[in-house]
Structure formats: structure tokens, C-alpha cells
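Notes follow once the structure below has been shown.
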Amino acid sequence: MAIKLFDSELKVMDVLWKDGDMTAKRISDILKDEIGWNMNTTYTVIKKCIAKGAIERSEPNFMCHALIAKETVQETETEELIDKLFDGSADLLFASLLGGKQLSTDQIERLRQMVAEME
């Protein structure tokens, strides 16, 4: 079963995904600088991630380690978006993303290559 992470939890996870294992204090310092969270807020969100099985805590110093990969969360969130807003149709999502957008020749070619690789 996939782990559902809320926006606040994704902010904590993103710090770990970018920089690797670190202490809760370091995560708190980063999120204070980036989005203005105080230490209590950060620790509360970290504890929620631990309870969900997204982060593992170890000692010393409340060391945090991401237990799920960013790509796994992206895949789960994408599937949920497709199911919720596009009736399970990935091609409708794709059409919506491209609708009305001016793409360069290079962008179109990259999209063609991605589709070809999927075939």
C-alpha cells in the first residue's frame, strides 16, 4: 500500500531527498530558512512521517533517513491525479498538459523520444 504524504510532509521529505540523511535539527534549520517554520512545526511533521513509515529515526541526535524514494512518491501522486481528475486516462492528462502550450522543436522531439521508448 502506498504512503499518502501531505504537502507539509513532502517539504520535509524533499529536504532529505535533496541532501540525504541528516538530523531533525538540521531539517528544522533548513525549513526555517526556506519557509519560516519553527522547530516545533518541523519536529511534528517529522514525527508524522516516522509514524507513516516514510522516515526512519536513529540515534544519536535524532538522525533522519528517508525510507521511500522520491520517484515512488511521484509515481503514486501521478496515479492519484490521473484517477481523480482524468478518470484514469493518462492520455487525457497528457492532452491537458499540452493543451494551448507552445512547444519548441526540441521539446516536441524529446516527447517523441519518450513515447518511442515506452512502446
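Could you compute Rg(Cα) / (2.2 N^0.38 Å) for segment 1-57, with N its residue count?
Values: Rg = 10.4 Å, N = 57, 2.2 N^0.38 = 10.2 Å.
The value comes to 1.02.
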Accessible area per residue of the chain at 1.4 Å probe, in Å²? 70 Å²
In whole percent, and with a 1.4 Å probe on the protein chains, what portion of the accessible area of the chain is carbon and sulfur? 53 percent
I want to verify a result. In a Gaussian network model of the chain, Cα cutoff 10 Å, which of these has the top mean-square fluctuation: 20, 99, 36? 99
Please compute the contact order of the chain in relative form: average sequence separation of alpha-carbon pairs under 8 Å and at least six residues apart, divided by the residue count, as a percent. 21 percent
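Quick one: work out Rg over Rh on the C-alpha atoms of the chain, Rh as Kirkwood radius. Walk me through the intermediate numbers first.
Values: Rg = 18.3 Å, Rh = 16.6 Å.
Checking Rg against Rh, the ratio lands at 1.10.
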Round to a whole angstrom and tell me the spacing of the C-alpha centers of segment 1-66 and segment 77-119. 31 Å
Can you give the extra length, in nm with one decimal, that the chain gains between residue 48 and residue 117 once fully stretched, where that is 0.36 nm per residue apart less the Cα-Cα distance? 21.0 nm
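The values are calculated or read from the model by the stated rules, or taken from the named source; none is laboratory data. Fair warning: this is a prediction, and the values are worked out from it, not measured in the lab. Quick note on the areas: whole protein, heavy atoms, side chains included, nothing else; ligands and nucleic acids left out. Shrake-Rupley method; radii C 1.70, N 1.55, O 1.52, S 1.80 Å.
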